[in-house]
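Just so it is clear, none of the values below were taken in a lab; they were calculated from the coordinates. Predicted model only: the values in this text are computed from it and were never measured. Don't worry about glycine lacking a Cβ; one is built from the backbone with ideal geometry, like all the others, and counts go over all protein chains shown.
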Amino acid sequence: MTIEKLTLRKITACPVVLPLERPVVARIATMEQWPLVLIDLETEEGVTGRSYLEPYLVKALRYLVPCIADLSELLWIGSINHLICNSARLRELPGETFHCGHYASFGRQRMQELIDRYRKDR
């Protein structure tokens, strides 16, 4: 599999608070609003990746959006392929469980296998 080089242009994060028609009732709280952070990653090649975070707490938007902006500045390195160099550091993370969006969580060994396969395919 060949992955073309993509050049990062910018990452934007937009906080949104949605009112719920029916509140979510849990033992710990009743949620009448649902916070989201809409995230766009734009490249110079015209490819835009879109994602979102659901932090559950409206107050969390206050620090998540600035955090994403700070990460965007740190990643302003030109090439997404540069992130491959950081995969060695990622491989050595001390975590035992990794959560990837809506997919099933997995352990450290699986994370290392994925990184090794990704680096091998490069």
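Structure summary
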{"quantity": "Rough spin-label spacing in nm, given labels placed 7 Å along Cα→Cβ, for residue 69 and residue 45", "calculated": "2.9"}
{"quantity": "Partners for residue 5 among aspartates and glutamates (Cα-Cα distance below 20 Å; same-chain residues under 8 apart left out)", "calculated": "40, 42, 44, 45, 73, 116, 121"}
{"quantity": "Within straight-line cross-link reach of residue 120, aspartates and glutamates at Cα separation under 19 Å, skipping those fewer than 8 residues along the same chain", "calculated": "4, 92"}
{"quantity": "Gyration tensor verdict on the range 34-76 (Cα atoms; rounded if a/c is under 1.5, prolate if a/b is larger than b/c, oblate otherwise)", "calculated": "oblate"}
